[in-house]
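Working notes, beginning with the structure itself.
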Amino acid sequence: MIPMVEYPSVVSSYLPAFDGIFSKPQMKNFVRYITGLMISSNKTVSAMNSMFNFYNDESALNNLITDSAWHDEKLDRARYQVILDLTA
């Protein structure tokens, strides 16, 4: 796979809906994770992390998924709002 040099516009366009849920470093990894889920054929942290031209330590992405302190209720509300906005 050709390394990505920027996030897909479909991901970037919805980022404002998730402001305030994640810290700045967490948001960076959230975007990498969402992009990886959408584009990578191999859904492992290592494979998703290696898709990007701007390499990041994969432990940061793994930490977002397993250990970070963020509110899943806030994430769900934001996610549902994006879906509602798309269907309106």
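Relative to 2.2 N^0.38 Å, what does the C-alpha radius of gyration of the chain come to as a ratio? Two decimals please.
Cα-based Rg divided by the globular estimate yields 1.09.
If R0 is taken as 25 Å, the Cβ-Cβ distance between Ala88 and Met38 corresponds to a FRET efficiency of 0.65. When +1 charges are put on Lys and Arg Cβ atoms and -1 charges on Asp and Glu Cβ atoms, the dipole computed for the chain relative to its Cα centre reaches about 80 debye. Report, in order of residue number, the helices in the chain meeting two criteria: a C-alpha extent of 20 Å or more along the helix axis, and a mean Kyte-Doolittle hydropathy of at least -0.5; treat each whole DSSP H run as one helix. Flagged H segments are 24-39.
Rule-based calculations on the coordinates, nothing more; no lab input. Computed from a predicted model, the values in this text were never measured in an experiment. Backbone-built Cβ (ideal geometry, glycine too); neighbour counts: all protein chains shown.
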